[in-house]
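The values are calculated or read from the model by the stated rules, or taken from the named source; none is laboratory data. Values in this document were obtained by computation on a predicted structure and should not be read as measured data. Heads up, the Cβs are rebuilt from the backbone with ideal geometry, glycines too, and the neighbour counts pull from every protein chain shown.
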Amino acid sequence: MRADARKNYDQILAIAREVVTQQGADASLRDVARKAGVGLGTLYRHFPTREALLAALLAASFDALAQRAGELATSASPDTTLITWLREAIAMTQTYSGAIALMVAAISDEGSALHASCVTLKTAGAELLSHAQKEGLARADMDGNDLFALISALAWLADQPPLVPRADHVFDIIAEAILQGGTAAP
């Protein structure tokens, strides 16, 4: 990529992160281009669809969560690791209001620009869950798909203003249901 194209790409992503954080997944791409100081054509050359732009935004976050899963796995007990990571994954998905619906659709659509990032997230969680299961600390009847669904459901609460005050309590209930020992919060 040419230096000027790379500069535009990075600028668009930085501005998109701000705009999408403020306005949600349905943020105006015109606003992103205008605030980034590029034309709409330049934005679309780098990101041909809204989903491609969101995929680029989420990929870095999902990769960081996957790396975080590895770090946590070596630093704490498997049950604490799983619940800590689950809480962080939910918080990350709540950063971009409305993105959770796109993630849910993308996990089963291999043609989606978000698919690979969603699989990365699901795989990281599945590994932590599996480790806790091997230690007898988590339900044996769950898998990575169930964990991804729970992340999606709990993140959805952030998009529902009347339910936001209940989110932490609901998380604790779910965490206790996942863990065999009943200890929810690290």
(message) Return the residues of segment 15-38 that are farther than 25 Å from residue 105 by Cα, of a type in the set (Gly, Ala, Ser) and in a helix (DSSP H, G or I); say none if nothing qualifies.
(response) 33, 36
(message) I'd like to check something: does segment 74-82 contain any residue that is surrounded by 18 or more Cβ atoms within 10 Å (Cβ to Cβ), charged (D, E, K, R) and over 15 Å from residue 180 (Cα atoms)?
(response) no
(request) Taking the options 136, 125, name whichever one is assigned to a loop (DSSP other than H, G, I, E, B) and either without any contact (Cβ under 8 Å) to a residue 60 or more places away in the chain or surrounded by fewer than 19 Cβ atoms within 10 Å (Cβ to Cβ) (or both). (result) 136
(message) Is it the case, given these coordinates, that residue 43 is outside the structural domain of residue 169 (by TED's automatic domain parsing), part of a helix (DSSP H, G or I), of a type in the set (A, V, I, L, M) and under 20 Å from residue 24 (Cβ atoms)?
(response) yes
(request) Scan segment 91-103 for residues that are buried (at least 18 other Cβ atoms within 10 Å of the Cβ) and out of contact with any Ser or Thr (no Cβ under 9 Å at 6 or more places or on another chain) and jot them down. (result) 94
